[in-house]
2 protein chains.
Amino acid sequence: MSFARLQKKIDELNNPTVVGLDPDLAHIPPDIMEKCIEEYGENLEAASRAIILFNMGLIDALCDIVPAVKPQSAYYEMLGAHGVLALSLTCEYAASKGMYVIIDAKRGDIGSTAAAYSAAYLGTVKVGESEFMPFNADALTVNTYLGSDGLKPFIDTAIEHDKAIFALVKTSNPSAAEIQDKSIGKDMVYHVVGDLLEDISKDTIDEFGYSRVGAVVGATYPIEAEFLRNRLKHTFFLVPGYGAQGGTASDAAFSFDKNGRGAIVNSSRGIIAAWKKSDCDYMEAAREEAIKMRDELRSVLKKGK
Amino acid sequence: MSFARLQKKIDELNNPTVVGLDPDLAHIPPDIMEKCIEEYGENLEAASRAIILFNMGLIDALCDIVPAVKPQSAYYEMLGAHGVLALSLTCEYAASKGMYVIIDAKRGDIGSTAAAYSAAYLGTVKVGESEFMPFNADALTVNTYLGSDGLKPFIDTAIEHDKAIFALVKTSNPSAAEIQDKSIGKDMVYHVVGDLLEDISKDTIDEFGYSRVGAVVGATYPIEAEFLRNRLKHTFFLVPGYGAQGGTASDAAFSFDKNGRGAIVNSSRGIIAAWKKSDCDYMEAAREEAIKMRDELRSVLKKGK
């Protein structure tokens, strides 16, 4: 859905965070995995079933305090078709609990291929006279290297089905600078990419002032985030890099507007694998960490910038 | 596998082409689709079965004259888990017929997420004590916007399992220039990306002089392709944009080295949907077009540059 629905959900829970459902098999508690292997055998189907159970437990534990989840597609694709089924069931379950679902797949292609991706994740697919929604996410992450041809088909689908996308601008990783920070005259590559997003989405602005094309802006680069926040007035930010990657709540705060809106901060491992450093079960441990993250962000956003 | 195996296969068949298996449902002959709908109902499973039958027919018709196939992941993901099963079965069947398999998924992420993608497509995944190869492609296309963090995990897997990747440098679409052609001092963004590929792969060079990290270079930009061919001595090129997108055999020729090696040219629709403009069945029509494309490339490469 548009970011207006996401912003309302964030306001309602007073919590601008999203939990990354990145079910690396090493993050799944051994009892869940063992139970599934016992039932299905030592195979990709068992692992996929374990992911579904794990995610359902996390969603149950978090849905009344966290507005959104962000499944990372790679960890599902790892298990082939079985894993992709787990992805679609995870999205369905999260949506049934009222959560906003962002599939983090960083897709990027052109023309009819981009249209196929957007139909898969945000739209509908027709077989004969029947229509299906294979994943029915609210938003999808996309890559920007291909330019506007790689964004337009996603935006068209987003408009048609009341969805949104987050496009890569300044990623959270150490080598992001190798391409993204190269100077183009007085700008850098990621500035040009950000400007492209503002330009291409200007007819899709919602009641909060944000378009359907958001930007991925890493919490690990707070100076760049502040610069982008001032430059991209109509762009909602998805902020990875908090927690395990080193970004703090104060760093993430630079991605919010003066009203404390316009951004959502992701944590994956730090929450879903919190049980490894805890005496609680994985659901309680995740909830504790999610509350801690929420309170940290509330605290820095309350202070203002 | 490394590009050396691909080059040997190209030399053996004297045909530097790859057929893009992009099974848009509109490209599948109606009798195949109707048969599957009759058997499975009007649903994503029926469409996925139709794709498998369609692809098997194409592979049978082409495997003795065309060295490689390139399934475009978007058209499989469109059908959810059923479609992803069709992708893995297509890869398996093409490999069983001796074809080199390039999955065109343009994946791009960092750290453990990139490692998960590379395990899925090029490597192995462990459940308990058992190991699985979910897709077992020979090569995968990857995006470069994230810098070397987004490439290294794929290269590590490629080295471990004797595989390769093709990274986006200069794509074939009209808006490629919006980011890729921006000037960075005396270079352009895509030059910097190309140089990064040469640098990061320099320890993986095979007997033909090519590394495990190839580049996607569109046939629609012949001047840029010639420039890159001269600059990236150790980089094997995957050349999209031939045929339906407007690139000719003469345009594609700029991606080859002086020995007529170091590149492979893709055509998708032009071959797999050739039946729409033909009186033959789809397999014969595809074979005719594939022979025509092969002969055009042979002719321009024979002339030399």
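Rounded to the nearest 20 debye, what is the charge dipole size of segment A:96-200 about its Cα centre when +1 sits on each Lys and Arg Cβ and -1 on each Asp and Glu Cβ?
Working: 9 positive and 15 negative charges, 56 e Å.
About 280 debye.
How would you rank A:Arg49, A:Arg261, A:Arg231, going from fewest to most other Cβ atoms within 10 Å of each one's own Cβ? Working shown, then result.
Values: A:Arg49 23, A:Arg261 18, A:Arg231 13.
Fewest-to-most Cβ neighbours within 10 Å comes out as A:Arg231, A:Arg261, A:Arg49.
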Q) Between copies, how far does the label point of B:Ser96 sit from its twins, in nm, shortest first, when each point is 7 Å from Cα along Cα→Cβ? A) 3.6
Q | Ranking of A:Asp11, A:Asp109, B:Asp149 by count of other Cβ atoms within 10 Å, fewest first | A | A:Asp11, B:Asp149, A:Asp109
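Classify segment A:103-183 as rounded, prolate or oblate, taking a ≥ b ≥ c as the square roots of the eigenvalues of its Cα gyration tensor: rounded when a/c is under 1.5, otherwise prolate if a/b is larger than b/c and oblate if not. Show your work: numbers first, answer last.
Values: a/c = 2.87, a/b = 2.25, b/c = 1.27.
Here segment A:103-183 falls in the prolate category.
Normalized C-alpha radius of gyration of segment B:203-305, against 2.2 N^0.38 Å?
Values: Rg = 14.7 Å, N = 103, 2.2 N^0.38 = 12.8 Å.
Relative to the 2.2 N^0.38 Å estimate, segment B:203-305 comes out at 1.15.
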Q: Label segment A:1-84 by shape, choosing from rounded, prolate and oblate, from the square roots a ≥ b ≥ c of the eigenvalues of the Cα gyration tensor; if a/c is under 1.5 it is rounded, and otherwise prolate applies when a/b is larger than b/c, oblate when it is not.
A: prolate
Q.
What number results when the radius of gyration of the protein assembly as shown, computed over Cα atoms, is divided by 2.2 N^0.38 Å?
A. 0.93
Q) Where the Cα atoms of segment B:54-98 are projected onto their three principal axes, how long is each span, largest first, in whole Å? A) 31, 15, 14
Q | Ratio of Rg to Rh over segment B:146-283 (Cα coordinates, Kirkwood Rh, two decimals) | A | 1.02
Q) At what distance in angstrom do the alpha carbon centres of segment A:148-192 and segment A:200-277 lie from each other? A) 14
Q. So what's the projected area for segment A:144-186, the Cα convex hull averaged over all directions, in nm²?
A. 4.0
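Express as a percent, rounded to the nearest 5, the fraction of DSSP beta bridges in the protein assembly as shown (both residues included) that run antiparallel. Provide the component values of the computation, followed by the final result.
Details: 10 of 66 bridges.
DSSP beta bridges in the protein assembly as shown are roughly 15 percent antiparallel.
At 25 °C and a viscosity of 0.890 mPa s, what translational diffusion coefficient does Stokes-Einstein give for segment B:74-113, taking Rh as the Kirkwood radius over Cα pairs? Give it in µm²/s as a whole number. Write out the running numbers ahead of the final one.
Numbers: Rh = 11.5 Å.
Approximately 214 µm²/s, per Stokes-Einstein.
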Q. What is the pair-distance distribution P(r) of segment A:105-149, computed from all Cα-Cα distances in 10 Å bins starting at 0, with each bin given as a whole percent?
A. 27, 52, 19, 2
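Ignoring everything except DSSP H segments at least 4 long, calculate the 222 nm mean residue ellipticity for the protein assembly as shown; use -39,500 (n - 2.57) per segment, divide by total residues, nearest 500. Could you put the intermediate results ahead of the total?
Working: 26 runs with 282 residues, N = 610.
Per the formula, -14000 deg cm²/dmol.
Compute the Kirkwood hydrodynamic radius of segment B:36-136, taking the inverse of the mean of 1/r over all pairs of distinct Cα atoms, and give it in Å to one decimal. Don't skip to the end; give the middle numbers.
Working: mean 1/r = 0.0684 Å⁻¹.
That comes to 14.6 Å for segment B:36-136.
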(Q) At 7 Å along Cα-to-Cβ for each site, give me the label-to-label distance between A:Asn14 and B:Lys126 in nm. (A) 4.6
Q) In the P(r) worked out for chain B, what percent of Cα pairs fall beyond 25 Å? A) 47
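How large is the dipole of the protein assembly as shown about the Cα centre if only Lys and Arg carry +1 and Asp and Glu carry -1, each at its Cβ, rounded to the nearest 20 debye? Please report the intermediate quantities before stating the final value.
Details: 64 positive and 86 negative charges, 395 e Å.
Here the size comes out at about 1900 debye.
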Q. Give me the log10 of I(q) over I(0) for segment B:54-213 at q = 0.20 Å⁻¹, as the Debye formula computes it from C-alpha points; what are the numbers?
A. -1.34
Q: Report, please, the projected area of segment A:180-227 averaged over directions, based on the convex hull of its C-alpha atoms, in nm².
A: 3.9
Q | Bridge type composition, chain B - antiparallel percent by DSSP, nearest 5 | A | 15
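Based on other C-beta atoms within 10 Å, arrange A:Glu178, B:Glu131 from fewest to most.
Working: A:Glu178 22, B:Glu131 10.
With the sparsest Cβ surroundings first, the list reads B:Glu131, A:Glu178.
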Q) At A:Asp187, label 7 Å along Cα→Cβ: distances to the other copies, nm, ascending? A) 2.0
Q: Treating each Cα of segment B:251-305 as an identical point scatterer and ignoring solvent, apply the Debye formula and state log10 I(q)/I(0) at q = 0.13, 0.29 Å⁻¹.
A: -0.38, -1.06
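Read-outs: derived from the displayed coordinates by stated rules, not from any lab. Small disclaimer: the values here were computed from a predicted structure and weren't measured. Note: ideal-geometry Cβ built from the backbone for every residue, glycine included; neighbour counts use all protein chains shown.
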